[in-house]
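Have a look at the structure below, then the notes.
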Amino acid sequence: MKKFLMMFIATIVLCTGCTTTRNTIVTEDKEAICESLTDITDWDEANKVIDDVIAIRPDNALSYQPHGAYNLTGYNSKVYTFDYPNDFYEVVMMDDSEDFIFIIHNTGNHGVSFQSIVYKGGVFHGLTSNYVLFKETDGSITAVSLKEKEHCEIGEYCFYVEDFENLSETEQKTAIYPNGYYQCKF
């Protein structure tokens, strides 16, 4: 099941883009990157695009590692945005219960993905330098690691899960929360 889920997520990462309905300020660099994403057909092209996108990430933004290029289609999703410098990232809700999230750099119909996480039991709440935060029904905050476990047994959840309160003070201070959201037709 783990391998199937990972293959499914990898397929989303490789075959996933967004046509937004909001007004955005697009730099010439972003326009050039978006144009280069339209016909990604191999890993070398995808890696060049990823390098181009990472080159425009603000130095003081969270420094997530890219996981691939995306081209999302067939979704009408809620997309959370953040304040500068982390406006480089957006978090796409892949389901209505907001427990399946996809962290991306949105350059239009295609872009760079950073992680996708499914966490049943909470709804998306925010990000830290190493965790995605989910708010539980009792109001507590659960932190799910961006990094997958090195060894994961079949049927085991493949991400580390912590209470936000148990994270180091340094990690807690990196927390960012959405400044808003918009609906996006993929």
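Points worth noting:
- Tally, over the range 120-161, of residues that are more than 20 Å from Ser63 (Cβ to Cβ) and open to solvent by 60 Å² or more (accessible area, probe 1.4 Å): 13
- Every residue from the range 55-81 that is touching a Ser or Thr at 6+ places or on another chain (Cβ under 8 Å) and crowded, with 16+ Cβ neighbours inside 10 Å: Arg57, Leu62, Pro66, His67, Gly68, Ala69, Tyr70, Asn71, Leu72, Val79
- Candidate set from the range 162-186 (those that are open to solvent by less than 50 Å² (accessible area, probe 1.4 Å) and assigned to a strand (DSSP E or B)); member that is farthest from Thr73 (Cα to Cα): Ile176
- Remark: Thr24 matches the filter, which requires a residue to be surrounded by 11 or more Cβ atoms within 10 Å (Cβ to Cβ), of a type outside the set (Gly, Ala, Ser), modelled with pLDDT under 80 and within 18 Å of Asn179 (Cβ to Cβ).
- Residue list for the range 84-111, restricted to those being open to solvent by 20 Å² or more (accessible area, probe 1.4 Å), aromatic (Phe, Trp, Tyr) and in a loop (DSSP other than H, G, I, E, B): Tyr84
The values are calculated or read from the model by the stated rules, or taken from the named source; none is laboratory data. These numbers come from a predicted model, not from an experiment. All Cβ positions, glycine included, derive from the backbone under ideal geometry; neighbour counts span all protein chains shown. Remember, those area values only see protein heavy atoms, side chains included, never the ligands or the DNA or RNA. Shrake-Rupley method; radii C 1.70, N 1.55, O 1.52, S 1.80 Å.
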